[in-house]
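Below you'll find the structure, written out as structure tokens, and then a few comments.
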Amino acid sequence: MNIAAIYRREMRSYFSTPLAYVFIVIFLMLAGIFTFYLGGFFARAQADLEPFFTWHPWLYLFLAPALGMRLWAEERKTGTFELLMTLPVSMGDAVLGKFLAAWSMMAISLALTFPIWITVNVLGNPDNGVIVAGYLGSLLMSGAYLAVSACVSSATRNQVIAFVVSVVLCFTFLLLGFPLILDLFKPLLPGAVISFMSTVGFLQHFDSIVRGVVDIRDLLYFTTFIGLWLYAGAWAVDHHRS
């Protein structure tokens, strides 16, 4: 019940200001640019959404921290953090409610890309099961980026610092799974370390789901990753409260 109250409070704050609308418009514009210009959507002449999902790790790299940086940093800067802490709400409820509201913003933005899905169905005969898996992978990855950003935001009152540190951390987890980086370190590090780097990085799990292989291990990776960062964020908020 308390999670729902915090969730509604956050969603009202998004849509009572231009923030939600500006975020959605920027998301759709960038998704379109990446898909049609950088991804060569029409030039490929293939009925799939590969050029759409390929760029999502880079799209979220900046948009998720931009959304997550305000979650706690703004509360502390404006002085509403103390008011929030006086409410009969547990720390877990507050952290989860805020995260779910921000993740919903991501989900709404992602859902509004449906014209691209319709377009590819009009032009060809795509495997819609793979496309559904791609949307699931994209949503999970955005949640992972957002959980990192929420945790960093809980540790500072400065939104700029929260944004920069979040981008650096998310970029690190992105690079850990990047084939070029793994190949670079292969001659220098043991195979077990390279395998660990690939496992903790985002890309291996994201690419697997986007290809239509919805493996329980990839789902567990993202849910565990999100849970651990939210737990760390709750600890940070509780530390500042005390």
Counting only residues that are assigned to a helix (DSSP H, G or I) and either open to solvent by 60 Å² or more (accessible area, probe 1.4 Å) or hydrophobic (A, V, I, L, M, F, W, C) (or both), region 159-190 contains a total of 22
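Quick check on my filter: what residues within region 154-176 are in contact with an Asp or Glu (Cβ under 8 Å, 6 or more places away or on another chain) and either basic (Lys, Arg) or over 27 Å from residue 97 (Cβ atoms) (or both)?
In the first step, residues of region 154-176 are kept if they are in contact with an Asp or Glu (Cβ under 8 Å, 6 or more places away or on another chain); the result is 159.
Residues satisfying the conditions do not exist here.
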Within region 110-130, residues over 13 Å from residue 47 (Cβ atoms) and open to solvent by less than 40 Å² (accessible area, probe 1.4 Å) come out as 110, 113
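Taking the condition open to solvent by less than 50 Å² (accessible area, probe 1.4 Å), modelled with pLDDT under 85, closer than 20 Å to residue 146 by Cα and not charged (D, E, K, R), does residue 4 pass? Even if it seems obvious, please write down each step before you answer.
Working: open to solvent by less than 50 Å² (accessible area, probe 1.4 Å): yes; modelled with pLDDT under 85: no; closer than 20 Å to residue 146 by Cα: yes; not charged (D, E, K, R): yes.
Criteria not met by residue 4.
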Matching option when the condition is assigned to a helix (DSSP H, G or I) and more than 30 Å from residue 47 (Cβ to Cβ), among 133, 155, 107, 94:
94
Across region 208-233, what is the total count of residues that are among the small types (Gly, Ala, Ser) and open to solvent by less than 20 Å² (accessible area, probe 1.4 Å)?
2
Could you tell me whether any residue of region 198-207 is open to solvent by 20 Å² or more (accessible area, probe 1.4 Å), under 23 Å from residue 136 (Cβ atoms) and of a type in the set (Asp, Glu)?
yes
What do you reckon, is residue 82 open to solvent by 40 Å² or more (accessible area, probe 1.4 Å) and under 21 Å from the mean Cα position of the chain (by Cα)?
no
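Working only within region 166-189, note down all residues that are of a type in the set (Lys, Arg) and touching a residue at least 24 places away in the same chain (Cβ under 8 Å). It would help to see each step written out before you state the result.
Filtering region 166-189 for residues of a type in the set (Lys, Arg) gives 186.
None - no residue of region 166-189 is of a type in the set (Lys, Arg) and touching a residue at least 24 places away in the same chain (Cβ under 8 Å), so the list stays empty.
The values are calculated or read from the model by the stated rules, or taken from the named source; none is laboratory data. Since we're looking at a predicted model, the values are computed, not measured. Ideal geometry is used to build each Cβ from the backbone, glycine not excepted, and the neighbour counts take in all protein chains shown. For accessibility, only protein heavy atoms count, side chains too; no ligands or nucleic acids. Shrake-Rupley method; radii C 1.70, N 1.55, O 1.52, S 1.80 Å.
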